[in-house]
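Participant: Provided herewith is a single structure, encoded as structure tokens, for subsequent inquiry.
The values are calculated or read from the model by the stated rules, or taken from the named source; none is laboratory data. No experiment lies behind these values; they were computed from the predicted model shown. Cβ: placed from backbone, ideal geometry, glycine included. Neighbour counts: every protein chain shown. The accessibility values were calculated without ligands, DNA or RNA, using every heavy atom of the protein model including side chains. Shrake-Rupley method; radii C 1.70, N 1.55, O 1.52, S 1.80 Å.
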Amino acid sequence: MTVKPTDTALRSQEEITARVKALEALLIEKGVMTTAAVDRLAEVYENEVGPQLGAKVVARAWTDPAFKERLLADASAACRELGVGGLQGEEMVAVENTDTVHHVIVCTLCSCYPWPVLGLPPNWYKAPPFRARIVREPRTVLAEDFDFPVPDSVEIRVWDSSSELRYWVLPQRPAGSEHLSEDELAALVTRDSMIGVGAPRPVGAAA
């Protein structure tokens, strides 16, 4: 049977989840991986490797104006300066939040996402409701779904990632962080702040 490219797009989230579970079970049954190894791999990509590397890039941009300029001009090249790059990050664009503009990223077609700086995409990022609503009513989605209200005076721009070009957000530096080191600043950066559905942690907040 020939599988058409459109077949995948027509599958529901439940069908995709079931197929992933079946593949996971097969890997475990064949002894390729253990359940603990699968869980740990997912945890690393969701919470450690990607977001931590992205946080390091953000902290450098907050403290080094020349690096920030290079990051906004060519995010992939600037990230490579810090040893960050690879699969799903060949062509990245960083968009900067300011006092007047707030950015949000999405992939309306599937789940394209800058893995090197953010790790694996969270489930809600891949869910059809988020992908559809964030484009139509971003202010409402941020306030209701993420408890992250953006003032009416701030413009919201939604960037649609694709397999050719993946966006991520350079969040604003938290107030009162001028005395912090680069490592301390990195600890304030969250995955959600680099997607645009949240803010960095305030100074003094536990990671």
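Participant: Taking interchain pairs and intrachain pairs at least six residues apart, which have beta carbon atoms under 6 angstrom, with the first residue in segment 178-190 and assigned by the TED database to the domain that holds Trp168 and the second of a type in the set (A, V, I, L, M, F, W, C) and open to solvent by 30 Å² or more (accessible area, probe 1.4 Å)?
Facilitator: Leu185/Trp62; Ala187/Ala207
Participant: Then there's this: Looking at Ala66, is it open to solvent by 40 Å² or more (accessible area, probe 1.4 Å), under 28 Å from Leu180 (Cβ atoms), small (Gly, Ala, Ser) and part of a helix (DSSP H, G or I)?
Facilitator: Against the criterion (open to solvent by 40 Å² or more (accessible area, probe 1.4 Å), under 28 Å from Leu180 (Cβ atoms), small (Gly, Ala, Ser) and part of a helix (DSSP H, G or I)), Ala66 qualifies.
Participant: Taking segment 149-163, which residues are part of a loop (DSSP other than H, G, I, E, B) and open to solvent by less than 80 Å² (accessible area, probe 1.4 Å)?
Facilitator: Those that are part of a loop (DSSP other than H, G, I, E, B) and open to solvent by less than 80 Å² (accessible area, probe 1.4 Å): Val150, Pro151, Val154, Ser161, Ser162, Ser163.
Participant: Could you look through segment 164-176, keep only residues that are touching a residue at least 40 places away in the same chain (Cβ under 8 Å) and open to solvent by less than 70 Å² (accessible area, probe 1.4 Å), and pick out the one that is nearest to the chain's Cα centre (by Cα)?
Facilitator: Trp168
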